[in-house]
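The values are calculated or read from the model by the stated rules, or taken from the named source; none is laboratory data. Just so it is clear, the structure is predicted and the values come from calculations on it, not from any experiment. Here the Cβ is made from the backbone with ideal geometry for all residues, glycine too, and neighbour counts use every protein chain on show.
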């Protein structure tokens, strides 16, 4: 099974499952539910049905593939697939507030349309819906012990996500960010939920925490490689493909891996100048170009590419050691290639 085939097959099932948890049983949604439906891409600002951009749904697809890889029935993992996608979207609603982001996926964010207090409340509600979605595993024949294990994984993941967000926000006001702390941040913000997605699917199929842990490790390595690759694209990606100007992460003063690498190098004319540039409240195009040149000259780009390859090799090694179903293994291999060979 090719990865795109799995996406085509699983996403309609995932969408149906998600709507079961977010659509009122009777009648049209009021604004409370409507704000969630808007964020998910199913309603417009007037709460009329629409098909807006809604994200790739890669995490729930991974949950179903992990279940299939352990010879489980993917449909039995749908409650868990919905839970990870809802948890992801809950964090996005809150992230948009914390980052003061006006738009997401080309549309105004929930807080921009309906205000910060309502957006906070809706985000909290979506987290609750995510937990309730996971509880539906009881209806699919999953044992109570396994359901409890799944809930514990989801809750641990949420705490890790919150810490990752805390670290990311704390980076905004300092240049003193170590590489170790940066890695902890992306482990929380990016890798944790991908790891949880794989864990839940394998757990549902196998009933074994030990087996599920192998998928957690694979998802974690994949998430780390994905984020570091994203850091490269945020500075050196083709603007026509990425959809934002070259060096945009620098303009936003983001503490990505190339930047953190530079900030932790011994003081030289280059590193001193880079710090001076990064202290400026607004970076001109010339400053961005100079910063990129310095990053390349001091080896930040090469180091970041090396780290991305290191985590990719780890993800590949872990994938080689897991899985009983050859179709699912082929699709997981395709997922790895899709995520790490992308140019956007």
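Looking at segment 10-21, can you tell me whether even one residue there is at positive phi and free of Cβ contacts under 8 Å to residues at least 40 places away in the same chain? Checking segment 10-21: not a single residue is at positive phi and free of Cβ contacts under 8 Å to residues at least 40 places away in the same chain.
Of the residues making up segment 169-184, those that are in a helix (DSSP H, G or I) and either without any contact (Cβ under 8 Å) to a residue 60 or more places away in the chain or within 23 Å of residue 322 (Cβ to Cβ) (or both) are 170, 180, 181, 183, 184. For segment 112-126, the count of residues that are under 21 Å from residue 189 (Cα atoms) and within 17 Å of the chain's Cα centre (by Cα) is nonzero. If you go through segment 195-215 and keep only what is surrounded by fewer than 24 Cβ atoms within 10 Å (Cβ to Cβ) and touching a residue at least 60 places away in the same chain (Cβ under 8 Å), you end up with 206, 207, 209, 211, 214. Checking each residue in segment 64-106 for being within 16 Å of residue 37 (Cβ to Cβ) and modelled with pLDDT under 95 picks out 104, 105.
The rows are residues; the columns are (1) surrounded by 14 or more Cβ atoms within 10 Å (Cβ to Cβ); (2) part of a helix (DSSP H, G or I).
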residue	(1), (2)
19	no, yes
26	no, no
29	yes, no
63	yes, yes
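Of all the numbered requirements in (1) within 18 Å of residue 311 (Cβ to Cβ); (2) crowded, with 21+ Cβ neighbours inside 10 Å, residue 181 misses one, and that requirement is (2). In segment 236-316, counting only helices (runs of 4 or more DSSP H) that sit wholly within it, none holds 1 or more residues that are within 20 Å of the chain's Cα centre (by Cα), surrounded by 13 or more Cβ atoms within 10 Å (Cβ to Cβ) and without any contact (Cβ under 8 Å) to a residue 12 or more places away in the chain.
The set of residues in segment 22-42 being touching a helix residue (DSSP H, G or I) at 6+ places or on another chain (Cβ under 9 Å) and touching a residue at least 40 places away in the same chain (Cβ under 8 Å) consists of 22, 31, 32, 35, 36, 38, 39, 40. Among the residues examined, residue 324 qualifies as assigned to a loop (DSSP other than H, G, I, E, B), touching a residue at least 60 places away in the same chain (Cβ under 8 Å) and either surrounded by fewer than 17 Cβ atoms within 10 Å (Cβ to Cβ) or in contact with a helix residue (DSSP H, G or I) (Cβ under 6 Å, 6 or more places away or on another chain) (or both).
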